[in-house]
Amino acid sequence: MDKIGIFGANGRMGLALVEACTQANDTDIAAAAVRSGSELLGASVKSKQPCASEKLLFTDEDLVTHTDANVLIDFTLPEGMKRHLQLAIANKLPMVIGTTGLTPEDMALLKDAAQHIPIVFARNFSVGVTLLLDLVQTAAAKLADEMDIEIFEAHHRNKIDAPSGTALAIGEAIAEAKGWDHEQVARYDRTAIEQAKSQNEIGYSVLRAGDIVGEHTAYFATMGERLELTHKATSRLTFASGAVRAAKWLRNKPNGLYDMQDVLGLK
Ligand SMILES: NC(=O)C1=CN([C@@H]2O[C@H](COP(=O)(O)OP(=O)(O)OC[C@H]3O[C@@H](n4cnc5c(N)ncnc54)[C@H](OP(=O)(O)O)[C@@H]3O)[C@@H](O)[C@H]2O)C=CC1
Ligand SMILES: O=C(O)C1=N[C@H](C(=O)O)C[C@H](O)C1
């Protein structure tokens, strides 16, 4: 039986994870964890997520490893994720991580942590985006070099990192297929330069509005035609169900850093 400890359980994704765990077979929520000192400590999760069991209460995140959790899931912010990762390592618990906005230094920490515990890290846990990462690599490798490449993403007004983790994952996948260094070719801001788009450039654009769950398009364009590969998520339950699937897959795996392509057997 999977006994899942959810960090950031009161967040948008935390509450979606409670719903996904409740719907899944052979899955218990060992802890719905919130920050130490949160005013929600001891409150019923049902007050925030109607499908939760009456008995499930918000727990102090520092006590997660005192529960019978056998796998942890983190969708919080980078600072929280790094703290939670230390708890996972100290207690030798596998961890699924969906937090975005990580720096290269945070990524180095993750790689190091994966020598001690098994980790699935994905910037998007949907099946569609996992496949999209493959499709953009095929397009990038097969289309002529003169194709302009741009990535657009749209999210809800409360998202704080930009471009989204998924947009960056798409750009990195394209750069890898082209044999480019992503940081050399990424163009995040055009306001300061007055020049036409150059080749070997991946441009990013971002929209924040209302309650958009998550939309991503990779454009491959040349004179007279344009290919657009788009994914639209319409429910956070999509990401949450993917993360629960990853948690089930991860238990009993050797230490290492895995992604959603590993979970879905697409490698
Ligand atoms: N990989 C994927 O498929 C997806 C990834 N995401 C990513 O998941 C993350 C969370 O998104 P979302 O749920 O919308 O955000 P929310 O702001 O709704 O929730 C964030 C949660 O993290 C907690 N948190 C923040 N900072 C800390 C900290 N330092 N220590 C402990 N807990 C902390 C918050 O607690 P408090 O309320 O007390 O501040 C809250 O519970 C983002 O990085 C987002 O990009 C989102 C969707 C899909
Ligand atoms: O913050 C979100 O909401 C999302 N974040 C992830 C990202 O940064 O790519 C995934 C998804 O698009 C929703």
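All of the numbers you see were taken from the coordinates with simple rules; none came from a lab. Source: prediction; values computed, not measured. Cβ placement follows ideal geometry from the backbone for every residue including glycine, while neighbour counts extend to all protein chains displayed.
Structure above, values below:
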item	result
Net charge of Cβ neighbours under 10 Å - reference Ala122; Lys, Arg +1; Asp, Glu -1	-1
Sequence-separation-based contact order of the stretch 127-233, relative, with Cα cut under 8 Å and 6+ spacing, percent	39 percent
Cα-Cα over 19 Å, subset of Lys111/Lys253; Lys82/Lys248; Lys55/Lys92; Lys3/Lys248; Lys82/Lys253; Lys82/Lys111	Lys82/Lys248; Lys55/Lys92; Lys82/Lys253
Cα-based helix-to-principal-axis angle, 165-178 vs the chain, degrees rounded to 10	50 degrees
Among Thr27, Thr103, Thr65: highest mean-square fluctuation, GNM of the chain, C-alpha pairs under 10 Å	Thr103
Residue-averaged 222 nm ellipticity for the chain, from DSSP H runs of 4+ at -39500 (n - 2.57), nearest 500	-10000 deg cm²/dmol
Reference-scaled alpha-carbon Rg (2.2 N^0.38 Å with N residues) for the stretch 1-100	0.95
nm² value of the averaged projected area, convex hull over the Cα atoms of the stretch 127-233	7.0 nm²
Highest-first arrangement of 86-94, 49-57, where packing means the average Cβ count within 10 Å	86-94, 49-57
Met107/Asp211 FRET efficiency (R0 30 Å; Cβ-Cβ; nearest 0.05)	0.50
Radius 12 Å from Cβ of Gly171, net charge of other residues (Lys, Arg +1; Asp, Glu -1)	-4
Residues Ser198 and Ser53, FRET efficiency given R0 of 51 Å [Cβ-Cβ distance, rounded to 0.05]	0.35
Whole-Å distance, taken between Cα centres, linking the stretch 73-130 and the stretch 191-267	17 Å
Net charge contributed by nearby residues that have their C-beta within less than 15 Å of Glu54 (K/R +1, D/E -1)	+2
Eligible lysines near Lys142 by straight Cα distance, threshold 30 Å, same-chain separation 8 or greater	Lys178, Lys197, Lys232, Lys267
Quarter of the Cα convex hull surface for the stretch 88-164, i.e. its orientation-mean projected area (nm²)	7.3 nm²
Pairwise label distance in nanometres, Arg190 with Gln86, each label 7 Å out on the Cα-Cβ vector	4.3 nm
Sparsely packed GluC sites (Glu not before Pro) within the stretch 162-264, loop by DSSP, other Cβ within 10 Å at most 10	Glu194
Cα-only radius of gyration and Dmax that characterise the chain, units Å	19.4, 61
